[in-house]
Amino acid sequence: MLWTAAGVVALGFLVALEIAARHYGGVPGPITNQAREVLFPPKPGPLYGGLALMMVVLTWRQRFIAAGFAVGVDVVFVLVRWAADVEVPEGQFFGNGALWAMLGCAVFALTRRTGEDRVLLLKGVGLGLLLVTGRKTGDTWLLITAKTRPTVLDPYVAMADHALGNPSWLAGRLLEASGPVSPVLDLVYAQLAVAAVAVALYQLRNVAAERRFPRHHLVRTFLVIGLIGPAFYMIFPVVGPIFAYGPGTSGTGGVEWAVADLWPHTLPPVTVPHPVPYDGITPRNCMPSLHTAWACTIFIHSRKGPRLLRYAGTFWLTATLGATLGFGYHYGVDLLAGVVFALTVDAALRTYDHGWDRAGVRLVAYGTAVFGVLLASYRYLPLEMAAHPWASGPLVLVATASVIYLYVRTTGAWEPKAAPALRPEPRPEMV
């Protein structure tokens, strides 16, 4: 019943986004874009990542068949497009096969499987398609934020960021001077889903053998963050320092829309903030930083993995924080909001699994309260935060640290305790 309800809600949400995309932007929404990729060149995205997630419910023999089918379909598509001289955008050569394989497994489940086997296979297909569709829904959300929020609140966030010492300006200068580090951070920032799939595959590695999904895993938190997070883009529209205080980037934004061309070499002056108009193209996707939230969940869920996975989770979180600040996509205060947001969402899902006891409810309520206070402070007290950085900065950091501490303490108490090793009782011996 829970999976059915989630499916109905997801379908309704996708239909609403489809209507909104056509209304505000006159462009196809996530359903149309996903359907067209059955035949047309797919946009770069986690198609094969979705296939990999789906295959956690299959046996090894079935996995080889599904992967071989996907690659074979892609080879046929490439040859047909080459023979027909079809112009294909760069980076969009492969992916149709993965989508065909997932849809084929759904048909196979409905026609050739029954009972628990059918349900498990459909769950796997749904998991894979949700990851794929998540990219499409994200693009639609970003379009809606740009079309419906003509003004942005970057001056408010820039003033609040004085409390932390304007870390984006500092990171931007460090990254500019670092040289060869930039391509690495750019790759990490762009391929966040790859790390998420790697951690999820480790967590779901026993699904095929146990015939069930674990109660809590990364994909759930990842999808819920992506579902809820963009709502705050609408409430608190922010484009980021490189757009609001810098030259922008190719294709979006630009110095003509910026408050001033200051980032990253000149700190913004402390002045009374006010909303400023911005273009109808650049997404208002800064507050909170969902890239930080997703990287934080990858870090959390990699803690129980082998040493290499733990190191990878730590690296991905560190590199993502450096990229979001160093490339000018985020301010420091919205990174902290992203951390609190991620921990609160993950805590809510864990509490739901655990049974909504007092400790879980307290953790979720406290995280929600701190997140609300942070956003309200950035919006209504930014000038006071900039004027008293030695007081407001530590308060913001302590508030974030308190959520981290309560999360670790509460969820740690829920972990099953290892039974102590039994010691053999002493036996008297003949002398």
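The values are calculated or read from the model by the stated rules, or taken from the named source; none is laboratory data. Since the structure is predicted, the reported quantities are computational estimates derived from the model, not experimental observations. No Cβ is skipped: glycine too gets one built from the backbone with ideal geometry, and neighbour counts run over all protein chains shown. We work out accessible area using only protein heavy atoms, side chains counted, and drop any ligands, DNA or RNA first. Shrake-Rupley method; radii C 1.70, N 1.55, O 1.52, S 1.80 Å.
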Considering residues of region 143-166 that are of a type outside the set (D, E, K, R) and surrounded by fewer than 19 Cβ atoms within 10 Å (Cβ to Cβ) only, the residue nearest to the chain's Cα centre (by Cα): Thr148
Residues of region 37-65 classified as assigned to a helix (DSSP H, G or I) and under 27 Å from the mean Cα position of the chain (by Cα), total: 12
Helices (runs of 4 or more DSSP H) wholly inside region 194-270 containing at least 2 residues that are more than 19 Å from the chain's Cα centre (by Cα) and at pLDDT below 90: 207-210
Extreme residue, surrounded by the fewest Cβ atoms within 10 Å (Cβ to Cβ), among residues of region 278-307 that are in contact with a Gly (Cβ under 6 Å, 6 or more places away or on another chain) and assigned to a helix (DSSP H, G or I): Phe299
Residues that are in contact (Cβ under 8 Å) with a residue 40 or more places away in the chain and assigned to a helix (DSSP H, G or I), drawn from region 85-116: Asn96, Ala98, Leu99, Trp100, Ala101, Met102, Leu103, Cys105, Glu116
Near pairs, Cβ below 8 angstrom, 6+ apart or cross-chain, from region 130-143 (farther than 12 Å from Leu53 by Cβ and in contact (Cβ under 8 Å) with a residue 24 or more places away in the chain) to any residue that is assigned to a helix (DSSP H, G or I) and small (Gly, Ala, Ser): Arg135/Ala193; Thr137/Gly226; Gly138/Gly226; Thr140/Ala20; Thr140/Ala21; Leu143/Ala21
Residue tally, condition crowded, with 18+ Cβ neighbours inside 10 Å and under 28 Å from the mean Cα position of the chain (by Cα), over region 379-398: 3
Residue satisfying condition, being under 21 Å from Tyr331 (Cα atoms), touching a residue at least 12 places away in the same chain (Cβ under 8 Å) and not small (Gly, Ala, Ser), within set His216, His274: His274
Residue in region 21-36 that is without any contact (Cβ under 8 Å) to a residue 12 or more places away in the chain, open to solvent by less than 60 Å² (accessible area, probe 1.4 Å), out of contact with any strand residue (DSSP E or B) (no Cβ under 6 Å at 6 or more places or on another chain) and in a helix (DSSP H, G or I) present: no
Some residue of region 158-172 being touching a strand residue (DSSP E or B) at 6+ places or on another chain (Cβ under 8 Å), modelled with pLDDT of 90 or more and in a helix (DSSP H, G or I): no
Any hit, region 323-342, residues being over 16 Å from the mean Cα position of the chain (by Cα), in contact (Cβ under 8 Å) with a residue 24 or more places away in the chain and open to solvent by 30 Å² or more (accessible area, probe 1.4 Å): yes
Filter pass, Ala200 being within 30 Å of Pro306 (Cα to Cα), out of contact with any Leu (no Cβ under 9 Å at 6 or more places or on another chain) and crowded, with 22+ Cβ neighbours inside 10 Å: no
